[in-house]
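The values are calculated or read from the model by the stated rules, or taken from the named source; none is laboratory data. Only a predicted model underlies this, so the values are computations on that prediction, with no experimental measurement involved. Cβ coordinates were reconstructed from backbone atoms using ideal geometry, including for glycine residues, and neighbour counts include every protein chain displayed.
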Amino acid sequence: MPFICDIITQERLVYNRHDIESVTVQGIEGQMTILSQHAPLITILDYGEVRVRKEGEEEIFAIGGGILQVADNHMVILADSAERSDEIDIARAEEARRRAKKMMEEGAPADPEALAKLEAALKRADIRVKVAGQRRSQRGPGVDV
């Protein structure tokens, strides 16, 4: 029996489907998979990928943290940031990762808030590169995205 999955950010509705078989997410305590008829749940999501499976196919999203709620066969992800794998500009994501790593190598900011922002930027860039790279590998070698 399929269930509903919504992925929402402050800016937009990223995903809305009513025929989902499973969703795998990265919670702050580890990875979990949600299936139809899952018990009610609210948990915090970490930076990571979200894998949505429907009709034997899988869609991958890069999530920048957020909250997951499951109730009455309806799952909602309220994400700080979310992008489909095919929306990610891999060159831009790699450049953002390079810049963030360079700033960390030059010395972490003394201000805790600035350090947290830099660490978040690095995590977000890492997951975006990973998710975009998986899209490229699924399409096969030599296929440009």
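Key figures
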| read-out | value |
| --- | --- |
| Residues of segment 131-145 that turn out to be buried (at least 17 other Cβ atoms within 10 Å of the Cβ) and either part of a loop (DSSP other than H, G, I, E, B) or at pLDDT 90 or above (or both), as a count | 1 |
| Count of residues meeting criterion [surrounded by fewer than 21 Cβ atoms within 10 Å (Cβ to Cβ) and either under 17 Å from His38 (Cα atoms) or of a type in the set (Gly, Ala, Ser) (or both)] in segment 51-60 | 4 |
| Elements of type strands (runs of 3 or more DSSP E) contained in segment 1-115, each with 2 or more residues being not charged (D, E, K, R) | 3-8, 13-20, 22-27, 30-35, 41-54, 57-71, 74-79 |
| Residues satisfying the stated conditions in segment 112-131, i.e. touching a Gly at 6+ places or on another chain (Cβ under 8 Å) and not basic (Lys, Arg) | Ala120, Ile127 |
| Residue check, Arg17 modelled with pLDDT under 95 and either touching a helix residue (DSSP H, G or I) at 6+ places or on another chain (Cβ under 6 Å) or of a type in the set (Lys, Arg) (or both) | yes |
| Evaluation of Glu95 against (1) in contact (Cβ under 8 Å) with a residue 24 or more places away in the chain; (2) within 16 Å of Lys130 (Cα to Cα) (one fails), failing number | (1) |
| Sole residue being surrounded by 20 or more Cβ atoms within 10 Å (Cβ to Cβ) and touching a residue at least 12 places away in the same chain (Cβ under 8 Å), chosen from Ile42, Ile63 | Ile63 |
| Residue in segment 43-51 that is modelled with pLDDT under 95, under 20 Å from the mean Cα position of the chain (by Cα), among the hydrophobic types (A, V, I, L, M, F, W, C) and closer than 15 Å to Val131 by Cβ present | no |
